[in-house]
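Trainee: To start, I am sharing the structure in question, which I have written as structure tokens.
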Amino acid sequence: MPTEAAAAPALDFAAFLASHAPHQTALVQRYQWQGHSLWLKRAGPAHPAWRYRALAWVSHWLQVPALQPVPTPGGVQAIATEVPRLQTLAACGLRVPAVVAVSKQAFVMRDLGQAGQPVQSLGHALEQAGTAAATLALWQRGLQALAQVHGQGQCLSQAFARNIIVCNDGQIGFIDFEDDPGRYMPLERCQSRDYLCYLQSTAVWLQKHGLLDQAAVIWRQHSSSLPAALRPPAP
């Protein structure tokens, strides 16, 4: 009489973290382990607070509160910030790397792609889009992904094109949460900051394809549906 196949042993991600972190020289490194694509991120050097003072002065001088700098402390504090942020965003149903093991000095997260199918940043995807129409459609999907994040009452950390990921299934994901803007400014300002980061970091590809005017129309339509606190002032 056939017997049921034995259950596969549970993967010990904590053991993987303990064995690999002490020997990893890079701050972030990708591994293929037991058929899984993983990233191990360890604490780097702490960042001095003085570097943010000039940025704070510029924000005040320009009277653009969304440009207020958000401290990125580095060191073990960056780990203590990023892990709960990833867990919170994942609990909201947003596409972020799943955290599978944590220590004070490092943590392990799953890759956003499937095995053997590396993902790419939105910036790289825009560079490789090929046509103006494909570039504009991808850029609009990025806007919609930000709206999804904000619709869950959340914000990103640095919503630049390099930190927005085009996943294998076409969905948009997000990485890099070493800072927490919500600790320093109201949610509406954090979300405005997301849009500023996104628009600034993607403009180069729109300009390259001569799409700035078309993108401006899409942005006006998108921003008209935003809460009043997020809408840009009328010209």
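The values are calculated or read from the model by the stated rules, or taken from the named source; none is laboratory data. Quick caveat, the model's predicted, so the values are computed rather than measured. With ideal geometry, Cβ positions are generated from the backbone for all residues, glycine too; neighbour counts draw on all protein chains shown. These accessible areas exclude ligands, DNA and RNA; they are computed on the full protein's heavy atoms, side chains included. Shrake-Rupley method; radii C 1.70, N 1.55, O 1.52, S 1.80 Å.
Trainee: Over the heavy atoms of VAL204, what accessible area does a 1.4 Å probe trace out, to the nearest 10 Å²?
Mentor: About 80 Å², ignoring ligands and nucleic acids.
Trainee: Still on this structure, I have one more. About the Cα centre, and with charges only on the beta carbon of Lys, Arg (+1) and Asp, Glu (-1), how big is the dipole of the stretch 84-231? Nearest 20 debye, please. Don't skip to the end; give the middle numbers.
Mentor: On the way: 12 positive and 10 negative charges, 36 e Å.
Taking the Cα centre of the stretch 84-231 as origin, the dipole is about 180 debye.
Trainee: While we're on this one: In the stretch 129-200, what percent of the accessible surface is made up of carbon and sulfur (1.4 Å probe, ligands and nucleic acids excluded)? Please list the in-between numbers first.
Mentor: Values: 1370 of 2840 Å².
Roughly 48 percent, rounded to a whole number.
Trainee: While we're here: Compute the signed sum of charges (Lys and Arg +1, Asp and Glu -1) over the other residues within less than 15 Å, Cβ to Cβ, of ALA229.
Mentor: Working: positive: ARG189, ARG193, ARG231; negative: GLU188, ASP194.
Charge balance in the 15 Å sphere: +1.
Trainee: If each residue of separation counts as 0.36 nm, what is the full-extension length gain between GLN117 and ASP213 once their alpha-carbon separation is subtracted? Please list the in-between numbers first.
Mentor: Numbers: separation 96, 0.36 × 96 = 34.56 nm, distance 3.45 nm.
That pair, GLN117 and ASP213, stretches by 31.1 nm at full extension.
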